[in-house]
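What follows is a set of notes on a single structure, which appears directly below.
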């Protein structure tokens with residue numbers, strides 16, 4: 001089932017109560033990977049009561065059975081009321097989205113740079129704590145470390161885009177260009193990010209054995225430096 005097929009099924013179920021269906025993320029941004037990427041979709045409904053949500057149970061289960069993540073359901077005013085809490089996610093959606101059905105609910109959105117910086121710092125610090133814990137528990141498993149780098153990178157890529165916005169830069173659509181620009185503006189070595197992007201695109205190989213340990217250590221080092229930079233930013 002394609003995202004367009006899913007949108008049409010939702011339209012059949014909800015009719016006029018379905019205001020929008022939006023595909024976002026790598027599938028709408030040009031860096032989709034069949035191996036590592038997902039079809040991320042959100043829907044805007046006029047009513048998000050339990051009874052309304054239950055109507056799509058069958059098609060949502062079918063969608064997820066195909067290996068897709070569950071769709072998000074928003075009420076009509078959810079995005080506007082949540083920009084102060086989730087500015088990073090919504091701005092990243094704005095840059096990489098395709099409206100499959102209805103009107104574009106992201107058109108014209110804007111966020112406060114202070115909120116964006118705060119969430120960016122929070123996301124980076126939280127994810128790095130998780131990576132450190134993962135390394136402590138899995139440093140004897142190079143293959144697991146390699147997969148964790150590749151799977152965790154989209155979150156950090158979103159943070160990089162957010163940092164560029166805070167710096168009043170327009171984030172490039174290409175992931176490699178984003179990492180390169182961050183390296184220049186923040187003073188990082190983006191090589192490990194380039195390698196991960198190549199793996200996700202199918203043009204690179206997962207590092208193995210000692211190479212995986214070295215790559216993960218470099219990954220943590222550069223992400224720590226990125227986090228320190230955001231921590232010191234003043235608005």
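Just name the residue that is surrounded by the fewest Cβ atoms within 10 Å (Cβ to Cβ) out of those in the range 24-49 that are at pLDDT 95 or above and within 12 Å of residue 97 (Cα to Cα).
42
Here is a check on your reading of the model: is residue 10 surrounded by 13 or more Cβ atoms within 10 Å (Cβ to Cβ), touching a strand residue (DSSP E or B) at 6+ places or on another chain (Cβ under 6 Å) and closer than 29 Å to residue 148 by Cβ?
Working: surrounded by 13 or more Cβ atoms within 10 Å (Cβ to Cβ): yes; touching a strand residue (DSSP E or B) at 6+ places or on another chain (Cβ under 6 Å): yes; closer than 29 Å to residue 148 by Cβ: no.
Answer is no for this residue.
Report whether or not residue 230 is free of Cβ contacts under 8 Å to residues at least 40 places away in the same chain and surrounded by 20 or more Cβ atoms within 10 Å (Cβ to Cβ). Talk me through it step by step, then tell me what you get.
Details: free of Cβ contacts under 8 Å to residues at least 40 places away in the same chain: no; surrounded by 20 or more Cβ atoms within 10 Å (Cβ to Cβ): yes.
Answer is no for this residue.
Of everything in the range 93-115, what is surrounded by 14 or more Cβ atoms within 10 Å (Cβ to Cβ) and assigned to a helix (DSSP H, G or I)? Give them in sequence order.
93, 94, 95, 113, 115
Right, residue 88: in contact (Cβ under 8 Å) with a residue 40 or more places away in the chain, in contact with a strand residue (DSSP E or B) (Cβ under 9 Å, 6 or more places away or on another chain) and buried (at least 19 other Cβ atoms within 10 Å of the Cβ) or not? Quick ask: steps written out before the conclusion?
Numbers: in contact (Cβ under 8 Å) with a residue 40 or more places away in the chain: yes; in contact with a strand residue (DSSP E or B) (Cβ under 9 Å, 6 or more places away or on another chain): no; buried (at least 19 other Cβ atoms within 10 Å of the Cβ): yes.
No, not satisfied.
Among the residues in the range 43-53, are any out of contact with any strand residue (DSSP E or B) (no Cβ under 7 Å at 6 or more places or on another chain) and under 16 Å from residue 154 (Cα atoms)? Spell out the reasoning first.
Taking the range 43-53 and keeping what is out of contact with any strand residue (DSSP E or B) (no Cβ under 7 Å at 6 or more places or on another chain), we get 47, 49-51.
So of that shortlist, the ones also under 16 Å from residue 154 (Cα atoms) come out as none.
No, the range 43-53 contains no residue that is out of contact with any strand residue (DSSP E or B) (no Cβ under 7 Å at 6 or more places or on another chain) and under 16 Å from residue 154 (Cα atoms).
Yes or no, residue by residue, for (1) assigned by TED's automatic domain parsing to the domain that holds residue 222; (2) touching a residue at least 60 places away in the same chain (Cβ under 8 Å); (3) touching a helix residue (DSSP H, G or I) at 6+ places or on another chain (Cβ under 8 Å); (4) in a helix (DSSP H, G or I):
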| residue | (1), (2), (3), (4) |
| --- | --- |
| 117 | yes, yes, yes, yes |
| 131 | yes, yes, yes, yes |
| 136 | yes, no, no, yes |
| 147 | yes, no, no, yes |
| 161 | yes, yes, yes, yes |
| 173 | yes, yes, yes, no |
| 179 | yes, no, yes, yes |
| 185 | yes, no, yes, yes |
| 196 | yes, no, yes, yes |
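Name the single residue that is nearest to the chain's Cα centre (by Cα) among those in the range 77-92 being part of a loop (DSSP other than H, G, I, E, B) and within 28 Å of residue 6 (Cα to Cα).
Taking the range 77-92 and keeping what is part of a loop (DSSP other than H, G, I, E, B), we get 77, 83-86.
Okay, now just the ones that are also within 28 Å of residue 6 (Cα to Cα), so 77, 83, 86.
On the way: 77: 22, 83: 16, 86: 12 Å.
Going through the qualifying residues, I end up with 86.
The values are calculated or read from the model by the stated rules, or taken from the named source; none is laboratory data. Here the structure is a predicted model, which means the values were calculated and not measured. Here the Cβ is made from the backbone with ideal geometry for all residues, glycine too, and neighbour counts use every protein chain on show.
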